[in-house]
1. Determine by what factor the alpha-carbon radius of gyration of the range 403-547 differs from 2.2 N^0.38 Å, reporting the quotient.
2. Within the range 470-624, how many Lys pairs that are eight or more residues apart, or on different chains, come under 28 Å at the alpha-carbon?
3. Return the FRET efficiency for the residue pair Leu319, Thr613: r is the Cβ-Cβ distance, R0 is 30 Å, and the value is rounded to the nearest 0.05.
4. So if I take the centroid of the Cα atoms in the range 472-487 and the same for the range 402-444, what is the distance between those two points in Å?
5. Stretched out fully, how many nm does the piece from Thr180 to Phe153 gain, at 0.36 nm a residue minus the Cα gap?
6. Provide the net charge surrounding Arg21, with neighbours chosen by a C-beta distance below 9 Å and charges set as Lys +1, Arg +1, Asp -1, Glu -1.
7. Can you tell me how much longer the chain between Gln457 and Lys591 gets when fully stretched, taken as 0.36 nm per residue apart minus their C-alpha distance, in nm with one decimal?
8. Taking the simple approach of a point 7 Å from Cα along Cα-to-Cβ for both Ser188 and Arg426, what is their distance in nm?
Amino acid sequence: MSKITTELLLERAVPRSTRLRKIETLNLSKLQLKTGDLDPRLFSRLRHLQKLDLSDNLLDKFPNSLTLPDLRVLNCNNNKLEDVTALKQFPLLEELTYENNVYLTLNDDYKVMFLLQNLRLLNGKDITKLANHVRRVNSRKLTSKVTAHWEKFFRDQLPEKYTAEQVKSIKKKFLKSVQTNVVYGPSSLSEFTRWRVKMIAEEFLAYSLGLELNTDPEPEEKMDESEAESTESPREAAEDVDQVVYIYDPLGPLTPGKRKRNNSKAGSGNKRSKSKANTEEEAEDVSAEPLHFLQCHSKGNSREDFKTQLWSCVFEPLLDCGARKDPIVSSSRTVATCGGESVCLIDCETGTVLKKYKVATEEFFSVAWTTLTMVIGDSRKKCHNILAAAGRRGIVKLIHVAADFCYGEIKAHKKPIATVCFSPTRETHLFTASYDKRIALWDIGIPDCDYNFKASQLLLLEALSIPLRIALVPTCPDQYLLAGCESGCFAWNIKLDKEQKSRPFEVLFQFPDEDGGMTTSHRVDGVAFLNNDVVVSKSSKLGCIYLWSWSRSFDTKGKGCQRTVGAVILAELEWSTTDLSYLTLSTCPAKEYVFCGDEKGSVWMYNLSSYTTAWSSAKGKRSDKRIPPSQILKWPELQANKEQLTEVLINNVVSDPAFTYLVVLTSVNITAIWKKS
């Protein structure tokens with residue numbers, strides 16, 4: 001029996017290699033190998049292996065930690081395999097063959113189709129359409145049946161206040177009952193159905209009752225040192241856990257590790273709602289009051305998690321008036337927030353976490369809404385809100401919120417996605433800005449009644465550095481896109497009637513520097529439009545936010561030529577003197593407000609309604625002095641175990657279009673909701 005050694009691996013590489021890390025193709029067939037011969041420590045050095053041939057051996061199973069992060073093609077023909085579930089450790093696998101393994105059945109085929117979301121070929125056959133059905137339709141049907149079984153037979157058996165022993169007992173009974181009574185599909189697939197039903201039931205109980213899932217820990221993805229910088233992050237007080245509705249993602253387990261910006265120390269605190277906390281300026285006549293402080297993005301639902309960073313939030317459009325009508329009446333009081341491994345939907349008035357969607361080992365950076373006219377179930381067309389969520393893995397998740405269903409994903413980039421946004425005029429057009437220094441425009445399509453959809457890339461905008469924030473120009477959202485990037489502020493022509501699919505930037509904007517000159521080289525980590533013409537951008541100078549005119553800065557006469565132009569500055573806003581990045585800004589155009597948080601937990605609010613009329617004049621001059629904030633909302637004193645929660649960074653602040661609610665996202669896993677008084 002041949003034992004696997006470093007020398008053997010180098011010799012069997014195709015072509016032969018001198019270093020394990022360089023091997024991409026490896027032939028280990030016909031070596032009489034048994035499972036024990038596959039040494040995880042040795043295989044972990046094959047970090048770039050893409051094709052592996054293990055055919056004609058004596059393998060009965062796979063070790064759980066082979067750590068082949070880039071494996072795409074695997075041949076296991078003519079072995080003695082008894083189980084395929086360990087193959088989930090190869091999430092990028094596209095082609096798999098395991099013919100002539102006498103213990104494997106049709107049920108195992110269905111298991112690998114569910115576990116391996118990238119799988120296209122199984123035993124030489126294209127299984128794309130069938131796998132789509134298994135991952136989506138089959139999973140949706142089974143989830144519905146499992147939920148109904150709990151509601152009908154078990155929900156009332158659990159007392160309002162239950163002990164751990166009672167939960168353990170009812171879990172055992174429920175798992176046994178649901179696997180026996182939930183039936184779906186042909187009898188030849190009964191083993192697969194029981195396997196999926198158990199999995200779904202355990203996830204349901206974990207999410208509904210706060211139980212731990214009995215799953216093997218997923219291996220963390222290691223990164224090359226050269227990639228470390230580019231994959232860095234941009235820097236429960238829900239009522240009770242059983243009130244949270246978790247959105248089920250049938251696309252299977254995901255694996256990479258997680259990195260976070262670490263600019264703050266972990267504090268300690270407790271979940272708290274409707275806080276009566278005092279601010280430093282309690283006697284002041286405040287225009288907004290703290291309403292809720294929620295800790296709903298905790299990893300593993302831990303109440304001790306004060307490290308998860310929260311990054312993005314956006315209010316859900318109302319369906320009865322359409323997502324693209326008057327913004328004042330087209331937004332609900334429901335907001336989507338993201339950070340860490342989860343996306344939450346929160347009712348701002350009550351502080352209730354309505355729904356929660358989790359992807360283990362993901363770190364979500366951005367969310368965006370659109371409204372699609374879909375045909376679901378009864379063959380009638382109806383408007384539905386779709387939520388797009390993206391982050392560290394470079395994948396966009398598409399969630400049909402009303403159905404509690406993640407129906408698909410788009411593998412948009414190979415590096416993290418910093419931000420996403422939908423076109424205000426074309427509901428299926430989605431922009432994704434990535435750490436690969438590109439901004440892509442996608443048509444996400446409209447899913448059919450079985451949630452089949454087809455996404456296509458329409459444009460690819462090349463940036464000189466990582467794009468951090470993007471904004472479509474309100475007067476021409478189908479023609480120009482503005483982006484704040486790591487090395488400056490850029491604009492692209494995005495008109496689709498042009499033949500060129502991959503496009504360089506058209507304009508690079510200059511801003512004043514600290515020495516009184518002009519510069520293009522600075523990090524722009526906040527950009528938004530205050531109205532149809534006034535742009536608000538943050539970074540260039542410490543303690544400063546610029547307001548400038550798009551129409552007077554962007555000269556259309558030079559259309560199509562790549563050029564550098566000076567931003568026509570209208571005013572500067574006073575802000576913190578911190579040098580920390582990624583504390584982004586937002587605007588409320590209808591009320592002419594700008595919001596930006598700082599490194600001390602405060603929210604700076606600027607009411608600019610008295611300035612905009614003058615700025616709209618063609619002869620409008622730049623304001624001589626910096627405009628101070630109309631008000632600064634101080635971070636309240638939140639305590640737990642007699643310790644104050646400190647070192648709070650405000651990563652993002654967003655208001656609804658009518659400025660009724662203000663949602664504040666922090667670096668300490670707290671979502672603060674303020675209400676205008």
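The values are calculated or read from the model by the stated rules, or taken from the named source; none is laboratory data. Note that the structure is predicted; figures quoted are calculated from it, not measured. Cβ sites come from the backbone with ideal geometry, for glycine too, and all protein chains shown count toward neighbours. The area values use the complete protein model at the heavy-atom level, side chains included, leaving out ligands, DNA and RNA. Shrake-Rupley method; radii C 1.70, N 1.55, O 1.52, S 1.80 Å.
1. My calculation over the Cα atoms of the range 403-547 gives 1.13.
2. The number of close lysine pairs in the range 470-624 is 24.
3. My answer for the efficiency is 0.30.
4. Cα centroid of the range 472-487 versus Cα centroid of the range 402-444: 16 Å apart.
5. 8.4 nm is the gain from fully extending Thr180 to Phe153.
6. Summing Lys/Arg as +1 and Asp/Glu as -1 gives +4.
7. This chain segment gains 44.7 nm when fully extended.
8. About 4.4 nm, to one decimal.
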